[in-house]
Amino acid sequence: MNYVSTRLTGDAAEISAAMAIKTGLAGDGGLFMPESVAALTKQDIDRLCSMSYPERAAFILSRYLDDYTYDELLSDCKEAYSEERFPGGAAPVKQITNDIYSLELWHGPTCAFKDMALQIMPRLLSRALVKTGENRNALILVATSGDTGKAALEGYRDIEQIKIKVFYPVDGVSRIQKLQMVTQEGSNVDVCAIKGNFDDAQNGVKRIFADAEAAHDLDSKGYFLSSANSINWGRLAPQIVYYVSAYCDMLSGGIIKDGEEIDVCVPTGNFGNIFAAYIAKLSGIPIGRLICASNQNNILTDFLKTGVYDRNRSFYTTMSPSMDILISSNLERLLYLTAGPARTAKYMSSLAKMGRYEIDNDVKEKIASCFTGLFCSEEQTAKVIRDAFYNDGYLCDTHTAVGLGCAKMYQDSNKGGRKILLASTASPYKFAADVAAALTGVESADALSAPDALSALTGTEIPLPLRGITERKIHFDEVVQPQDMLKSVMNFAL
Ligand SMILES: *Cc1c(COP(=O)(O)O)cnc(C)c1O
């Protein structure tokens, strides 16, 4: 399968999956997209139902990464989604209420859903370097709102021919997220805080990628830049798998009947996770509506309602920091599929120049036929955490709570609707202080003892990867201004 840029207007060369994964971002600033969506037939779905998670992943990835052999993919998926890395299964589906089911995506090494993609992607990149005859080292640059950074560091650590540098907003991540990153082990990793928010970090990384002089300097040192952010197709493709897998599990478990449609609700930031659900729907998985759940940074809610994307607005720091985003990069992929590359290029240029764009009516209608945007305030989110635990017996993190709140809101206005599959994106222990505060109504004085307090309060266990985190050695303390990010990258690329 060939890959094209979302902004492609001329007849630029089409490239292979390995090349798309290696480069991350297209030369014109667009994102790579497969030239078509791989259809899953009823027969395929039946076959997938009897497979293990690694087999399902290899099956679906092989449709998109056809320059990788099935055996390569199966061997990588078996390692990435092993019982050791995902104790208890990679993507289990659990019931929350009568009609809402949680797809728990956080049983991996860093306790957030990013592991689902970032445990497999380094293996795909490693093979891509060989497949494309690359002799230089890949330098991965990551801008993170918290969870990507740790998941990428853990996925890429000590992988040969690859170095990774992570930038995070200095006050924009939780204490535990920060500790997870600055205590990272590995000979090829670097972590740096920036004085700014996530968008500053992401824009800084994008600027470095677009800097021809920097590329030349790095090349002379034997490096080329690559990205691990969800703008990379190697991140996105593995995320399609768990929606297909969840549908199979719901079918096999008798929760739904053959062919029955489900709605999918996703707590959304960069629009990567929900876009993967959209691809699953386009592939033929019976998915009805996609509920795009936002926190107080509800730019997507407004966009889905009005067709205007306007980032000229206040930025809020919330208790769901991985969704504190004003530029949802993967939305560009949805625009590409609904408006085509020429208009996507126009919208993106308007976003870059004016910080806003307005989609045409036909595009708006197409998007509205699949997507509903809703959001939860901070107070609502805290109440959802409380109600879910005390009424439904389900302990959820702050991001999942935003999704659960929106799923319930959607249900209240759509009586007799479909069952909802909610993407549960992080362990409650990753955001223990806010979760505990929501349950007790009292802010904890010490964020670092919050996991113990939450465990005592709820009678649940702290996940293994988060135990003893305060005792680990801190390896990174660099803090820079956004405009000094390039300098910091050059210092690392020795
Ligand atoms: C990254 C993240 C999100 C947002 O996912 P996107 O793909 O960026 O929309 C939501 N919740 C958690 C816990 C995350 O880490």
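Each reported figure results from applying straightforward, stated rules to the coordinates on display, with no laboratory input. Predicted model, so just to flag it, every value in this text is computed and none were measured. So basically every Cβ, Gly included, is an ideal-geometry build from the backbone, and we count neighbours across all protein chains shown.
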Exposure proxy check on Met319, Met116: fewest-to-most Cβ neighbours within 10 Å is Met319, Met116
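Quick one: net charge of Asn391's neighbours, Cβ under 12 Å, K/R +1, D/E -1?
Values: positive: Lys383, Arg386, Lys408; negative: Asp387, Asp392.
Surrounding charge for Asn391 is +1.
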Result for the chain, cysteines with no Cys Cβ partner under 4.7 Å, is Cys77, Cys111, Cys192, Cys265, Cys292, Cys370, Cys376, Cys396, Cys406
Please sort 58-65, 484-491, 472-479 by packing, taking for each peptide the average over its residues of neighbouring beta carbons within 10 angstrom, highest first. 58-65, 484-491, 472-479
Convex hull volume per residue for the stretch 294-448, taking Cα atoms only, in Å³: 127
Magnitude of the Cβ-charge dipole of the chain, K/R +1 and D/E -1, about the Cα centre, nearest 20 debye? 520
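Mean 1/r over all different Cα pairs, inverted: what Kirkwood radius does the stretch 154-298 give, in Å? Spell out each step's value before the answer.
Values: mean 1/r = 0.0549 Å⁻¹.
Kirkwood hydrodynamic radius for the stretch 154-298: 18.2 Å.
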What list of whole percents do you get for P(r) of the stretch 1-40, with Cα-Cα distances grouped in 10 Å bins up to the one holding the largest distance? 33, 55, 11, 1
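Starting with the highest mean, order 353-366, 374-387, 101-114 by the number of other Cβ atoms within 10 Å, averaged over the residues of each peptide. Working shown, then result.
Values: 353-366: 14.8, 374-387: 20.2, 101-114: 25.5.
Ranking the peptides 353-366, 374-387, 101-114 by packing returns 101-114, 374-387, 353-366.
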In whole Å, largest first, the alpha carbons of the stretch 85-183 cover along the principal axes 54, 35, 20
Taking only Cα atoms of the chain, what ratio of Rg to Rh do you get with Rh as the Kirkwood inverse-distance radius? 0.93
What does the convex hull of the Cα atoms come to per residue for the stretch 370-456, in Å³? 101
Amide H to amide H under 5 Å from Gly196: which residues, 5+ apart in sequence or cross-chain, H placed 1.01 Å off N in plane? Val170, Asp171
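Mind running the shape call on the stretch 61-101? Use the C-alpha gyration tensor, a ≥ b ≥ c as the square roots of the eigenvalues: rounded below 1.5 for a/c, prolate if a/b tops b/c, oblate otherwise.
oblate
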If you split all Cα-Cα distances of the stretch 1-116 into 10 Å bins from zero, what percentages do you get per bin, shortest first? 12, 31, 34, 18, 4, 0
Would you mind checking Lys165/Lys383; Lys22/Lys419; Lys131/Lys163; Lys163/Lys206; Lys150/Lys364; Lys178/Lys353 for any pair whose Cα atoms are more than 28 angstrom apart? Lys165/Lys383; Lys22/Lys419; Lys150/Lys364; Lys178/Lys353
Using only Cα atoms, locate the centre of the stretch 448-486 and the centre of the stretch 384-405, then give the distance between them in Å, rounded to an integer. 22
Is any residue of the stretch 369-410 close enough, with backbone N under 19 Å, to a label point placed 7 angstrom from the Cα of Ile469 along the Cα-Cβ axis, and if so, which? 395-402
Please list, in chain and number order, the residues 5+ apart from Ser226 or on another chain whose amide H is under 5 Å from its amide H, with Hs placed from the backbone. Leu139, Ile140, Leu141
Of the options Leu448, Val189, Leu236, report the single residue whose Cα projects farthest towards the positive end of the charge dipole of the chain (beta-carbon charges: Lys, Arg +1; Asp, Glu -1). Leu236
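Can you give me the orientation-averaged projected area of the convex hull built on the Cα atoms of the stretch 227-309, in nm²?
Working: hull surface 25.4 nm².
Averaging across all directions leaves 6.3 nm² for the Cα convex hull.
Summing -39500 (n - 2.57) over the DSSP H runs of n ≥ 4 in the chain and dividing by its residue number, what mean residue ellipticity at 222 nm do you reach, to the nearest 500 deg cm²/dmol? All intermediate terms of the calculation are to be shown ahead of the outcome.
On the way: 21 runs with 221 residues, N = 494.
After summing the helix terms and dividing by residue count, I get -13500 deg cm²/dmol.
I'd like to compare 75-86, 166-177: which one has the highest average count of other Cβ atoms within 10 Å, and what's the full order after that?
On the way: 75-86: 17.8, 166-177: 22.5.
Ranking the peptides 75-86, 166-177 by packing returns 166-177, 75-86.
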Under 5 Å between amide H atoms, partner at least 5 residues away or on a different chain: which partners does Leu422 have, H built in plane at 1.01 Å? Tyr101, Ser102, Leu103, Cys265
For the chain, percent of DSSP beta bridges that are antiparallel (nearest 5) comes out at 25
Express in whole angstrom the spacing between the alpha-carbon centres of the stretch 149-183 and the stretch 313-337. 20
Dividing the surface of the Cα convex hull of the stretch 206-248 by four yields a projected area in nm² of 3.6
